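K.L.:
I'd like to ask you about the structure that follows.
The values are calculated or read from the model by the stated rules, or taken from the named source; none is laboratory data. This one's a predicted model, so the numbers in the text were calculated from it and none came from an experiment. Cβ placement follows ideal geometry from the backbone for every residue including glycine, while neighbour counts extend to all protein chains displayed. To get the accessible areas, we keep the full protein, side chains included, count just its heavy atoms, and leave off ligands, DNA and RNA. Shrake-Rupley method; radii C 1.70, N 1.55, O 1.52, S 1.80 Å.
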Amino acid sequence: MSKYERNIGFNDYFSPAQWFDPKVTLESKVKLAKEQLDQHVRETVAWHFSPDTGTPFWLEKAKSYKFNPTKDVQSLEDLHLFGTFEDEWLRGGPVERWVPRGLEGNPVYVFETGGTTGLPKSRIVLDDYRIDYEMMSETLPDQHFPKGSNWLMLGPSGPRRLRLAIEHLAQHRGGMCFSIDLDPRWVVKLIKMRQIEMANLYKEHAIDQALAILAGGHDIKCMFTTPKLLAALDEALRSGKLEDKFRSFGRKVPVGGLRSIKAAGITGIFSGGTEFTPQFTREAYEEMLDSGEVYMTPTYGNTLMGLACSRPIGPHDGFKITYYAPQPRAATEVVEPKDYSKKVEYGQTGRVLLTTLTREFFVPRFPERDEGERELPYERYPWDGVSGVRTFSELAATTIVGVY
Amino acid sequence: MIRIPSLRLGKPYESLSKTTLVHHVTGEPVAEVSQVTGSQIMRDISQMANARRELAAIPMKELLARVKEAAKIFLEDTLDCGDSSQSFDDYIRMLSSTTGSPMVFCRRNAAKVGYVMGNMDEILAGLTRGMDLSILDKGHGKQDGRTLCFYPTTDALGAILPSNSPGVHSLWVPAIALKIPLVIKPGREEPWTPFRLLMALKKAKIPASALNFLPTDHAGAADILRGCQRSLLFGDSTTTDPYKADHRVEIHGPGYSKVLLGADTSAHFERYLDLLVESVAANGGRSCINASAIYTHSHARELAEALGSRLARIQARAWDNTEAEVSAFANPDVADRISGMIDGLLATPGAEDVCQRIRGTPRVHKEGRCAWLLPSVVLCDSPEHPLANKEFLFPYVSIIQCPQEEMLARIGPSLVVSAITGDPEFTQQLLDSKLVERLNIGPISTVKLSWDQPHEGNLFSHLYRQRAFAEASL
């Protein structure tokens, strides 16, 4: 199936050759990217608010608007007319109201986010997760994520987009994906109950499944994981648990042992989560990944947006992690927490405001639960980035980070 | 700004994640402390078996000499402190500046820790009840014709330390002399003493790998408690309760130390006022060995008035005033919260803060961004009053009148009890009590320690177990 047959969007953004052209100045790239984004905003709004192709939820909402979305919204800035997106709208059904009429009749996935207490938030997806991850795949260096190699998905399972997305990424790159059973909602419940020992046992259970896959002779070279699970895997490997697993399966432990992530055969790690502090990244680079011999790329994403890639990380810039949204399919802005219409200055801290603009899903101006610093555009991603992403300080006290 | 690194296997490690410490008077940042992650802690703990072997290879005699040398270094030398160096006086100044504890207290407590290190053989004799320490070199030996054999229960002692008083460091420091490496999480505002102690031990040629100074967050502290087979945990009941049933963790929570005045002495309480003042207010009333309750057979009101008058003289003085008697709160909100809690409980009928009435000024005293809590003497009409068995980080004491014959049923668990009585029957009841960790009979202040007797847990029995042993030639 070609990308266009899958209705990927309004343009082909897969090979933004101009971003790599050294003759084009950063200034003109920024201008070009903004023009492209604004055009994409117009097309997305036109699609979701057209009586023929539009989304029932938005068509209903539009009845109360005092503006005409298709005429008055011409740029990213004009999205303020919609106010902010309330994720509460995603709780409960009928979920069909989120399926654009223009895509009716196609198979639809429903993914959930959150869900530890009360009704989970649901998001419908047709192809977006595939498109997002195929775009991300272009940023992975083949040397560390060899085409055709198999993957381990050491992350949450269940009604989550991530699980299928990683599998698709592996398949897109010609490999297969092995995964484990892991219910992050149970981990959060255990922590709330102060059953820390049980939460640790559950983590060990997750790692034990990963070790069984790694010991199974599947030639796994690539992996998705979260910072906490990466650290737990490293701890298990260092204490010889993969070697024990080999022996328990009657397999010979290779010469040189299996006591590090590199020794276990992993060459590339794709990882995500707001727990990615510069210090953790440095620790991973220096102490778990043989000073960067195993490549790790942090990403920032969620079920609503897709995923943002980071600039290459390393000691050259103090392991700073700066994310760039996959424009124009999604855009992030770093705004004043008390006035979302104002962007903070570059280098200043603000709340992350997220906008998703795909043919499947329109999310204008959703205040994420994260904060960070606004970063300058750069050659590869000529639009604003966000660094130092962490839980929004006003929410931090009530947020429990389980395995993410 | 001083940058204090963590010490991982004794090597300085500057982290990208740091906490900033401010001067309690000015609010100016004075130091940054490198923080390590839980996974770094676990990685370092996995090296402790090697570290212990390295430490254990040093003969006891030599090890004790090095620890004594470290005491001298701690008290006298200028030592590296991150990217700067620090004399003993600099250290006292910094310690006082971030904790709010007056320099005069800091100096006294640091001297205590130095004393413990400098007299380590006496301390270990107390902990081991006079065992020939060379038995630890081989793991077994004979003493007085009896075979003794001990094995270590852990490869490292974890310690989750508080910020309230540097005196507590005398409790973990003997571990090195007992051949057990240290994995230390300092209190947030008090990295100074543990860092200086470890640097002194390093300079005295204690193997670096045994010296781990790992500032971290709550989750990291939990990793230390999970990773070390034996630990010391300091904190209030919220921190320590989850570990109550964990035999690997020795808890140092509130002391609820008390003075009891028996039927034979309570009428003459004036004779013991100095002792009562010292028990309540020494060291700014911040130690677990400070008395937080006085049970008296009679004359409770008179005693409360007399003690209240004495303690009402205590004034808030600056951190560098040699006459200072109470500590400032590095975070002034904490003083407000504590005082608010006491006022809330005073609303329950049957209690009065006598000292506050006599002083005529509120308990919380503020100057600039500093806050002090001035002494409270709360007369309670019954042991059931919610203020009767409370402990706070300042000179706070409740006075409860209770018939001598009911006292032991009422006092609850107590770290130190000083029972001022000459009654042999009462004395015997106290000796039989399971509630008291350290018992003083007669006019002895609760804060008076004898170094040859551990008053809270026994580090040696925490770190070693005895086993039956026999050997025969082949």
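K.L.:
Which is among the hydroxyl-bearing types (Ser, Thr, Tyr), over 16 Å from B:Lys185 (Cα atoms) and within 14 Å of another protein chain (Cβ to nearest Cβ), of B:Ser85, B:Ser46, B:Ser34?
P.N.:
Numbers: B:Ser85 fails: within 14 Å of another protein chain (Cβ to nearest Cβ); B:Ser34 fails: over 16 Å from B:Lys185 (Cα atoms).
Answer to the selection: B:Ser46.
K.L.:
Here's another thing I want to ask about it. Out of B:Glu54, B:Glu62, report the one residue that is modelled with pLDDT of 95 or more, more than 10 Å from chain A (Cβ to nearest Cβ), exposed (fewer than 15 other Cβ atoms within 10 Å of the Cβ) and more than 27 Å from the chain's Cα centre (by Cα).
P.N.:
Result of the check over B:Glu54, B:Glu62: B:Glu62.
K.L.:
Just checking, which of B:Thr216, B:Thr238 is without any contact (Cβ under 8 Å) to a residue 12 or more places away in the chain and in the same structural domain as B:Ile41 (by TED's automatic domain parsing)?
P.N.:
Details: B:Thr216 fails: without any contact (Cβ under 8 Å) to a residue 12 or more places away in the chain.
So the residue among B:Thr216, B:Thr238 that is without any contact (Cβ under 8 Å) to a residue 12 or more places away in the chain and in the same structural domain as B:Ile41 (by TED's automatic domain parsing) is B:Thr238.
K.L.:
A further question on this structure: Where the second residue is part of a helix (DSSP H, G or I) and surrounded by 13 or more Cβ atoms within 10 Å (Cβ to Cβ) and the first is modelled with pLDDT under 95 and lies in region B:327-351, which pairs have Cβ atoms under 8 Å and are six or more apart or on separate chains?
P.N.:
Listed pairs, sorted by first residue: B:Ser327/B:Thr99; B:Ser327/B:Phe105; B:Ser327/B:Gly284; B:Phe329/B:Ala335; B:Ala330/B:Thr98; B:Ala330/B:Thr99.
K.L.:
Quick one: A:Asp244 ticks every box in (1) part of a loop (DSSP other than H, G, I, E, B); (2) out of contact with any Ser or Thr (no Cβ under 9 Å at 6 or more places or on another chain); (3) open to solvent by 30 Å² or more (accessible area, probe 1.4 Å) bar one, so which box is it?
P.N.:
With (1) part of a loop (DSSP other than H, G, I, E, B); (2) out of contact with any Ser or Thr (no Cβ under 9 Å at 6 or more places or on another chain); (3) open to solvent by 30 Å² or more (accessible area, probe 1.4 Å) applied to A:Asp244, the lone miss is (1).
K.L.:
Determine which member of the set A:Thr70, A:Thr44 is surrounded by 14 or more Cβ atoms within 10 Å (Cβ to Cβ) and touching a helix residue (DSSP H, G or I) at 6+ places or on another chain (Cβ under 9 Å).
P.N.:
After ruling out the rest, the residue left standing is A:Thr70.
K.L.:
Something else now. Among the candidates B:Val378, B:Val397, which residue alone is touching a Gly at 6+ places or on another chain (Cβ under 9 Å) and β-branched (Val, Ile, Thr)?
P.N.:
Numbers: B:Val378 fails: touching a Gly at 6+ places or on another chain (Cβ under 9 Å).
Just one listed residue meets the conditions, B:Val397.
K.L.:
Would you point out which residue out of B:Arg313, B:Arg271, B:Arg301 is assigned to a loop (DSSP other than H, G, I, E, B), assigned by TED's automatic domain parsing to the domain that holds B:Ala371 and more than 26 Å from the chain's Cα centre (by Cα)?
P.N.:
Testing whether each residue is assigned to a loop (DSSP other than H, G, I, E, B), assigned by TED's automatic domain parsing to the domain that holds B:Ala371 and more than 26 Å from the chain's Cα centre (by Cα) leaves just B:Arg313.
K.L.:
Another question, then. Within region A:332-359, how many residues are crowded, with 24+ Cβ neighbours inside 10 Å, in contact with a helix residue (DSSP H, G or I) (Cβ under 8 Å, 6 or more places away or on another chain) and assigned to a strand (DSSP E or B)?
P.N.:
The total comes to 2.
K.L.:
Moving to a separate point now. Considering only residues of region B:456-470 that are touching a strand residue (DSSP E or B) at 6+ places or on another chain (Cβ under 8 Å), open to solvent by 30 Å² or more (accessible area, probe 1.4 Å) and of a type outside the set (Phe, Trp, Tyr), which is modelled with the lowest pLDDT?
P.N.:
B:Gly457
K.L.:
Next up: Any residue that is open to solvent by less than 10 Å² (accessible area, probe 1.4 Å), over 21 Å from the mean Cα position of the chain (by Cα), farther than 29 Å from A:Val363 by Cα and within 14 Å of chain B (Cβ to nearest Cβ) - is there at least one of those in region A:270-281?
P.N.:
No - not one qualifying residue is present in region A:270-281.
K.L.:
To continue, here is another question. What are the pairs, 6+ residues apart or on separate chains, where a residue within region A:127-143 that is in contact (Cβ under 8 Å) with a residue 24 or more places away in the chain has its Cβ under 6 Å from a residue that is crowded, with 16+ Cβ neighbours inside 10 Å and of a type in the set (Gly, Ala, Ser)?
P.N.:
Once the first residue is in contact (Cβ under 8 Å) with a residue 24 or more places away in the chain and sits in region A:127-143, its partners that are crowded, with 16+ Cβ neighbours inside 10 Å and of a type in the set (Gly, Ala, Ser) give A:Tyr129/A:Ala165; A:Asp132/A:Gly306; A:Tyr133/A:Ala165.
K.L.:
Something else about it: Report, by residue number, each residue of region B:352-373 that is open to solvent by 10 Å² or more (accessible area, probe 1.4 Å) and touching a residue at least 60 places away in the same chain (Cβ under 8 Å).
P.N.:
B:Gly368, B:Arg369
K.L.:
How many of the residues making up region A:160-214 are away from chain B (no Cβ under 14 Å) and among the hydrophobic types (A, V, I, L, M, F, W, C)?
P.N.:
19
K.L.:
Which ones in region B:439-460 are free of Cβ contacts under 8 Å to residues at least 40 places away in the same chain and not in a loop (DSSP other than H, G, I, E, B)?
P.N.:
Across region B:439-460, the qualifying residues are B:Leu439, B:Asn440, B:Ile441.
K.L.:
Identify all residues within region A:309-324 that are without any contact (Cβ under 8 Å) to a residue 60 or more places away in the chain, closer than 18 Å to A:Arg374 by Cα and either away from chain B (no Cβ under 14 Å) or not charged (D, E, K, R) (or both); write none if there are none.
P.N.:
A:Ser310, A:Pro312, A:Ile313, A:Gly318, A:Phe319
K.L.:
Which fully enclosed helices (runs of 4 or more DSSP H) of region B:134-249 have 2 or more residues being crowded, with 20+ Cβ neighbours inside 10 Å and of a type in the set (Lys, Arg)?
P.N.:
Because the criterion is at least 2 residues that are crowded, with 20+ Cβ neighbours inside 10 Å and of a type in the set (Lys, Arg), the helices (runs of 4 or more DSSP H) in region B:134-249 that meet it are B:192-203.
K.L.:
Which of (1) within 22 Å of B:Val183 (Cβ to Cβ); (2) open to solvent by 20 Å² or more (accessible area, probe 1.4 Å) is the odd one out, the single condition B:Phe88 does not satisfy?
P.N.:
In the conditions (1) within 22 Å of B:Val183 (Cβ to Cβ); (2) open to solvent by 20 Å² or more (accessible area, probe 1.4 Å), B:Phe88 misses (1) alone.
K.L.:
Name every residue in region A:141-169 that is at pLDDT below 95, within 27 Å of A:Lys203 (Cβ to Cβ) and not in a helix (DSSP H, G or I), in order of residue number.
P.N.:
Scanning region A:141-169 gives A:Gly155, A:Pro156, A:Ser157, A:Gly158, A:Pro159, A:Arg160.
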